[in-house]
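Chemist: Take this structure first; my questions come after.
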Amino acid sequence: MTDLDAFRAEIRAWLEENCPPEMREPVRGDDDLCWGGRKFQFKNEAQKLWLERCAAKGYTVPEWPTPYGGAGMNAAQAKIWREEMHRINARPPLSSFGIWMLGPALLKFGTEEQKVHYLNQIARGEIRWCQGYSEPGSGSDLVSLQTYGEDKGDHWVVNGQKIWTSYANKADWIFCLVRTDKANKYQGISFLLFDMESPGVSTKPILLISGNSPFCETFFDNVKVPKHQIVGELNRGWDVAKYLLGHEREMISGAGGNDRLNTIGAVLARSGLEDPVLRAELAMFDVDALAFSAMGEKFLDEIKVGKAHPAQPNMMKYAGTELNKRRYELLMAGGGSAALEWESEASDGGSRARAWLRTKANSIEGGTSEVMLNVIAKRILDLPGA
Amino acid sequence: MPLYHTDDQAMLADTARQFMAGEGAIAKQLRHWRDTNCKDGFGHGLWKQFAELGFTGILVDEADGGMGMGHVEAGIVLEEIGRNLTPSPFLTSSVMAATALGGASAELKGRYLPGLLAGDSVFAVAIDEGPKHRPERIATRAQRAGNGFSISGAKAFVVHGGSADMLVVAARTAGADDDADGITLFAVPKDAAGLSQDAVRLVDSSMATHVRLDNVAVDADAVIGEVDGGRELLGRMLNAGRVGAAAESVGVAGGAFDMTTTYLKQRKQFGRLIGEFQALQHRAAHLYSELEIARATVIKAQQLLDAGSDKADLMVSVAKAKAGKAAALAVKEGVQMHGGIGMTDEYDIGLYMKRDRALAEFMGDLHYHADRVARMSGY
């Protein structure tokens, strides 16, 4: 028995004993996920227990070092962890922007003190984070952002407005791009962290075409941010942001996401599939979807050993989001008029139609498909003038 | 197993890359044999060199004198073959026939493998009976006669059939044309009485034959594997050919893509390099994305096949379909982005388009394999 076999046996036994049965049911929506944070309402006791048990072992962030709340797993061990979780259909104990986005940035750019403080909070699900990037006038052209932090000695005073801040109304803290030098475009932005309960912070949910409001407008009116709450160097926040965007794009791409092997053709076939042209489209889609699942696996394998091109997350984001939009177009077509239901209990409150509409943002948020293609052309293909 | 090459595999890739780019180059092989109207469409000298490098026995067990490697390694050679459009009987002989012979008696192995390993023999596979890949339907019949069998029927578009010393023939020894059971594989020597072939040159300058079998008498020891139970071995041979063709497609696509991006950085119009135009940049970037995904799918399928996984069947079809789709896009965009010069015979990009078209049909096209994915997924 190799060390990895022993490790697998240990993980399997631990999961068997500690993962509550309710946490082995498929995730039907954001609602079923545990996001953590000061305001979070656990859906049931099992969800709370699952988070606590995992957090105690460092399993909410298995690859982070143990002093920061992780389990210190290496790449091979983490793969086993994912496989064993997948084997019993275990839900992730904790989902958060802290894990996916801020955490990796802090691991790379944070001070030791910041790492110990913030990463442990993230790992235990105590603080829920949101991301303050886009502004009304700065979408794809993010670097033109105007939110300004005025230097007041031991703190900044931040004024401005962010938009498309995911779950800002539910978050405890924000990681935020703030201009700290008006003379320099790229090297005039700093990466600041602050409490959403700070005086002067307010949020306003945006009603979307899906009828839901996952995003907010976020306003800063003379918000005081102590100087030690900066990540990385002054005016070099763009480096942190770019690094973090890579992780965001990876996350939105769905790479490494759970069960993609259940082809949608098979899902729709259960309710009857009489249209041969639709069947053909589904088959073509499933080829692409299964192929992308292999790509996701390869991408993660290569990232672990530094073989992936640094701009590869842009390709993953592009391909993954375009695929997801196609998936939902087909799910709508397969569902027929039943998929149009907006409110009924049978449709789970119009979940399919709302999810379909939600996917349209996939290729906009975190960098549009067009921006992704620009980045691939420039950084990977090295095309002229790109 | 991680989805990238091990150090040993990377070394093999270096060897294959250098060899194909040098000895296997388009001017030296494809154009040469095409322009001299070669009846084989490939060079036997190059085939001997394949043998010297150990390529011909890459899928042959070490116990039988081969390299004892897997589909990942065979795919490495095929990707470079694709990139350089190197004509050779590697896919039919060293990948498909060798896979079938892996399930053959010691006697048959002894008869055919040494010639393959030495690069002296060429093999072909005679499965399909019409212009589309339909291995589910086999009407060619083999009946017991005397000590052996008498085979009658017709096979269509047998690649390298006319150059082959032996053809692996899939025939029916029991049941109706569409039955899964009742298939037997035979090793039929080229000079067997009653075997005749009409040669056809295909769009990519490769040679195929229409094979007629008219009471071809073979001994019982010409049976590869089991009588009536050949469907499983046929399936293995098909999987080897499909994932191999997918790897070659990825090479074809990569070669066309590299040519095209190089051209985008050289060609000027309106006083600018055409690669500066966003209309072309976005299409090139999309193509890059498709190629990366195809490459990942192919290595995944190769690994599953090498591991004997029960998911291999599904992923092999995904790989053949996806690689075909990506390669078709690569050659179409390649010709379009080259503009008028892409339509000339002088430029190589059109040769990539032709090879892609032939590879797409080989062992099932996108439509066939997408349908197969749907069936295996339960719809």
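Each value in this text was obtained by applying a stated rule to the coordinates, not by laboratory testing. All values reported here derive from a predicted model rather than from experimental measurement. Every residue, glycine among them, receives a Cβ derived from its backbone with ideal geometry; neighbour counts consider all protein chains shown.
Chemist: Please find, in a Gaussian network model of chain A (springs between Cα atoms separated by less than 10 Å), the residue of A:A361, A:A353, A:A171 whose mean-square fluctuation is greatest.
Modeler: Of the options given, A:A361 has the highest mean-square fluctuation.
Chemist: Can you pull out the GluC sites (Glu not before Pro) in segment A:329-386 whose DSSP state is coil and whose Cβ has at most 12 other Cβ atoms within 10 Å?
Modeler: Listed in order of number, the matching sites are A:E343, A:E345.
Chemist: Still on this structure: Once both axes come from the Cα atoms, what is the angle between helix A:75-87 and the longest principal axis of chain A, in degrees from 0 to 90, rounded to 10?
Modeler: Once rounded, one gets 50 degrees.
Chemist: Counting other beta carbons within 10 Å of each Cβ, put B:S94, A:S253 in order, fewest first.
Modeler: Result, fewest neighbours first: A:S253, B:S94.
Chemist: Moving to a separate point now. Filter the cross-link list A:K204/A:K298; A:K108/B:K322; A:K79/A:K185; A:K325/B:K311; A:K79/A:K227 down to pairs whose alpha-carbon distance in this structure exceeds 30 Å.
Modeler: Result: A:K204/A:K298; A:K108/B:K322; A:K79/A:K185; A:K79/A:K227 exceed 30 Å.
Chemist: Turning to a different aspect of this structure: Looking only at B:A279, B:A106, B:A327, which one moves most when chain B is put into a Gaussian network model with springs between Cα atoms under 10 Å?
Modeler: B:A279
Chemist: Out of the DSSP beta bridges found with both residues in segment A:125-207, what percent are antiparallel (nearest 5)?
Modeler: 70 percent
Chemist: At 0.36 nm per residue, and after removing the present C-alpha to C-alpha distance, how many nm does the segment from B:A176 to B:I341 gain when stretched out fully?
Modeler: Contour length minus Cα-Cα distance gives 54.2 nm.
Chemist: Using θ = phi - 60° and the Karplus form 6.51 cos²θ - 1.76 cosθ + 1.60, what ³J(HN,Hα) does each residue of segment A:324-341 get, whole Hz, x for Gly and Pro?
Modeler: Listing the rounded values in order: 5, 5, 4, 3, 6, 4, 6, 5, 5, 4, x, x, x, 5, 4, 6, 7, 4 Hz.
Chemist: For segment A:167-183 and segment A:259-337, what is the separation of their C-alpha centers, rounded to whole Å?
Modeler: A separation of 33 Å, based on Cα centres.
Chemist: Need the list of lysines near B:K48 for cross-linking: C-alpha distance under 22 angstrom, and skip anything on the same chain fewer than eight residues off.
Modeler: B:K28, B:K39, B:K109, B:K190
Chemist: Can I ask one more? Compute a Gaussian network model of chain A, connecting alpha carbons closer than 10 Å, and tell me which residue from A:Y68, A:Y186, A:Y59 fluctuates the most.
Modeler: Result: A:Y186 has the largest fluctuation of those listed.
Chemist: Antiparallel DSSP bridges in segment B:125-228: what percent, to the nearest 5?
Modeler: Bridges in segment B:125-228 are about 90 percent antiparallel.
Chemist: In addition: At a Förster distance of 51 Å, what's the computed FRET efficiency of A:D348 paired with A:E52, Cβ-Cβ distance as r, to 0.05?
Modeler: Plugging the Cβ-Cβ distance into 1/(1 + (r/R0)^6) gives 0.95.
Chemist: Where the centroid of each part is defined by its Cα atoms, how far is segment B:255-299 from segment B:323-379 in Å?
Modeler: Cα centres, segment B:255-299 to segment B:323-379: 16 Å.
Chemist: A further question follows. May I ask what percent, to the nearest 5, of DSSP beta bridges between residues of the protein assembly as shown are antiparallel?
Modeler: If we restrict to bridges inside the protein assembly as shown, about 85 percent are antiparallel.
Chemist: For B:G148, what residues show an amide H to amide H distance below 5 Å, using hydrogens built from the backbone and excluding near sequence neighbours?
Modeler: So B:G148 has HN proximity to B:A220.
Chemist: If you don't mind, another one. Report, in degrees rounded to the nearest 10, the 0 to 90 angle that the Cα long axis of helix A:45-57 makes with the longest principal axis of chain A.
Modeler: So the inclination is approximately 60 degrees.
Chemist: Sticking with this one: Roughly how tilted is helix A:237-253, in degrees to the nearest 10 and between 0 and 90, from the longest Cα axis of chain A?
Modeler: Compared with the principal axis, the helix lies near 10 degrees.
Chemist: Apply the a/c threshold of 1.5 to the C-alpha gyration tensor of segment A:282-323 and tell me whether it is rounded, prolate or oblate.
Modeler: oblate
Chemist: What 222 nm value per residue comes from the helices of the protein assembly as shown, counting each DSSP H run with n ≥ 4 as -39,500 (n - 2.57) and dividing by all residues, nearest 500 deg cm²/dmol?
Modeler: Calculated from helices alone, the mean residue ellipticity at 222 nm is -13500 deg cm²/dmol.
Chemist: What does the charge count near B:A124 come to, summing +1 for each Lys or Arg and -1 for each Asp or Glu among other residues with Cβ under 10 Å from its Cβ?
Modeler: With Lys, Arg at +1 and Asp, Glu at -1, the net is +1.
Chemist: Tell me, B:E290, B:E129, B:E62, B:E79 in order of fewest to most beta-carbon neighbours within 10 Å?
Modeler: So the residues, fewest neighbours to most, are B:E62, B:E129, B:E290, B:E79.
Chemist: To make sure I understand, if each residue's beta carbon is the centre and we count other beta carbons within 10 Å, what order do B:L78, B:L30, B:L101, A:L4 fall in, fewest to most?
Modeler: Ranked by crowding around the Cβ, least crowded first: A:L4, B:L30, B:L101, B:L78.
Chemist: Okay, moving on. Rounded to whole Hz and in sequence order, give me ³J(HN,Hα) for segment A:364-373 from the Karplus expression 6.51 cos²θ - 1.76 cosθ + 1.60, θ = phi - 60°, writing x for Gly and Pro.
Modeler: Listing the rounded values in order: 10, 5, x, x, 5, 4, 5, 5, 4, 5 Hz.
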